[in-house]
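Since the structure comes first, as structure tokens, the remarks are kept for the end.
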Amino acid sequence: MLFNSIEFVVFLPLVLVVCFSLPWRWQWVFLLAASYAFYMAWKPAYIILIIFSTAIDYWAGLALGATRDPRRRRLFLILSMSSNLGLLFTYKYLDFFLRSAGWVCDSAHLPIEIPAINLLLPVGISFYSFQSMSYTIDVFMNRQPPERSFGRFALYVTFFPQLVAGPIERSSSLLPQLRQHFGFDAERMSSGLRLILWGLFKKMVIADRLAIVADRVYDDPHAYSGPVLVIATICFAFQIYCDFSGYSDIAVGAARTLNVDLMQNFNRPYIARSIPEFWSRWHISLSTWFRDYVYIPLGGNRVSRKRQALNILAVFGLSGLWHGANWTFVVWGLLHASYYLAHQWTTQPRLWLYEVTGLNREPRTLAALQIAATFAQVCVGWSFFRAASIEDAVYTITASFTGWREFLGPSGWEVLESQLNIAPDTLITICWPLPLLLFGEWISQKSWFNRVIHETPAWIRYPAYAALCLAIMNLGIVNESSFIYFQF
């Protein structure tokens, strides 16, 4: 079930009304049933995979809590992780592995035919597998007591607001909240609805509009010259941000209407002044997951410089592979690893450069240049993330430096219109909501904004929310398009 669908518009209010009407001891049962129904609206048969993963990790958690024997505890942890990773590999990476093996055989001229399996990727399997595994690891590390109620643990794995695209929650944060009374709170309801509407605005009015340009160009990048490729890449950068952060806003907002707090998943990543800062602001739940469960166990910063570099390469390589079963995602991850390492290794030369050029005495200019440089690096990475192949990504990047003389001349708009087959006024219509995004992201961080909202009477707020709903329906692209991260 998509958040931007009529079904969800009916589903969420119905869940809220029924949940608030039930006694406390039945609320979690109803929410579990609603979460299963939410997932089964996509493909009912695949609910079996979630139930299997839930049962294995629940049993592993109980077994870990019942023994202190290190060997037995490691065995239970391995069983849990191998089950989750086995399902993930089978449904997400098996075809990728077979395709890669076939390519190797063809390159070596080996007469071996490797058939494709073509399994349908279960929606959200990467998210709920990581969330379920984090519970088992935390129990193994004695950071979390085992959950005794199978039903509440199942609700932790399948809680519908964040089931298919995160945020990837930790058991220590979410499980206690799922034991509470889900009562109506007018202030939290208002705050949750605001986030839902803002998320829908980012998805339907901004992301889906920008997709018109990004999809058209990236479907056949070789047909376009540099200016169009740059515009399409920037469009995709804001498309994927508004699409994924919009989903996260809706997820956090929907959970908040039930008095459940989910973690912040985005924090204005495009104002980051370096790649390490970008990753502290982008997909925070995933980056902290890899930090806590991969990077730190590998030694983190407590090892030699060479070993630390290998750890960073491993984490970003796995992060890229997590995003998709394609070499483009692996290259994207490793590219960000190289950015990260380059930033670490060039600290002193950069400080020297800032002093020589006087930029250290112009903090605003320096900040603007750092933000622009970081955004440019991120956009190069997005080329690999969005392209269908490594060859297309390399072409997109290298060809971005061509064709600028014609574009910057008096006939620039005509060149753009002829290549994109989109009239200039249509392109403006596609891109005009971006200033609203920047304004909304800026004003939401102001301390007085929430105070003004809270002091505004309900009889003004709720009609304003209704007006925003009508604006989304009229200005947005109402085609129930899937969220980008559903494919991961």
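Couple of notes before you dig in:
- A straight line joining the Cα centroids of the stretch 153-177 and the stretch 311-337 runs 25 Å.
- Note that the stretch 393-408 has calculated 3J(HN,Hα) couplings of 5, 4, 4, 4, 6, 5, 6, 5, 8, 10, x, 7, 5, 5, 5, 7 Hz, one per residue in order, obtained from phi through the Karplus relation 6.51 cos²θ - 1.76 cosθ + 1.60 (θ = phi - 60°); glycine and proline are x.
- Global form of the stretch 6-184, assessed from the alpha-carbon gyration tensor, a/c cut-off 1.5: oblate
- Relative contact order for the chain, counting Cα pairs under 8 Å that sit 6 or more residues apart, in percent: 18
- Close amide-amide hydrogen proximity is noted between Asn265 and no other residue 5 or more places distant or on a separate chain, at a cut-off under 5 Å (H modeled in the peptide plane; Pro and chain starts excluded).
- Table column - 3J(HN,Hα) (Hz), the stretch 86-98, Karplus curve with 6.51, -1.76, 1.60, x for Gly and Pro: x, 4, 4, 5, 4, 8, 10, 10, 4, 5, 4, 5, 5
- Ranked packing of 401-408, 225-232, 79-86, most packed first, by mean Cβ within 10 Å: 225-232, 79-86, 401-408
- Placing unit charges on the Cβ atoms of the charged side chains and taking the dipole of the chain about its Cα centre, the candidate lying farthest along the positive direction among Thr90, His181, Leu434 is His181.
- Formal net charge of residues neighbouring His222 (Cβ-Cβ distance under 10 Å; K, R +1; D, E -1): -3
- Shape category assigned to the stretch 13-108 from the gyration tensor of Cα positions, a/c cut at 1.5: oblate
- Put simply, when 293-300, 209-216 are sorted by average Cβ atoms within 10 angstrom per residue, most first, you get 209-216, 293-300.
- Sum of -39500 (n - 2.57) over DSSP H runs of 4+, divided by residues of the chain (222 nm, nearest 500): -22000 deg cm²/dmol
- Global form of the stretch 180-320, assessed from the alpha-carbon gyration tensor, a/c cut-off 1.5: oblate
- Label-point gap, in nm, between Leu14 and Arg268 - each point 7 angstrom along Cα→Cβ: 4.0
- Charge dipole (the stretch 188-487, unit charges on Cβ, about Cα centre) - positive-most of Ala387, Val315, Trp332: Val315
- Counting only Cβ charges, +1 for Lys and Arg and -1 for Asp and Glu, the dipole size of the stretch 1-87 around its Cα centre is about 480 debye.
- Straightening the chain between Leu298 and Asp219 buys 24.5 nm, computed as 0.36 nm per residue apart minus the Cα-Cα spacing.
- Charge dipole magnitude, Cβ of K and R +1, D and E -1 - the chain, Cα centre, debye nearest 20: 2000
- In order along the stretch 310-327, the phi-based Karplus estimate (6.51 cos²θ - 1.76 cosθ + 1.60, θ = phi - 60°) of 3J(HN,Hα) comes to 5, 4, 5, 4, 5, 5, 6, x, 5, 4, x, 5, 4, 6, x, 8, 7, 5 Hz; Gly and Pro are listed as x.
- Using the Cβ-Cβ distance between Asp185 and Ile78 with R0 = 30 Å, the FRET efficiency computed as 1/(1 + (r/R0)^6) comes to roughly 0.10.
- Extreme residue, positive dipole direction of the chain, given options Thr346, Ile117, Leu408 (C-beta unit charges): Thr346
Every number in this text was worked out from the coordinates using simple rules, so none of it is lab data. Predicted, not measured: the structure shown is a model, and the values here were computed from it. Neighbour counts are summed over all protein chains in view; Cβ atoms, including those assigned to glycine, are modelled from backbone coordinates with ideal geometry.
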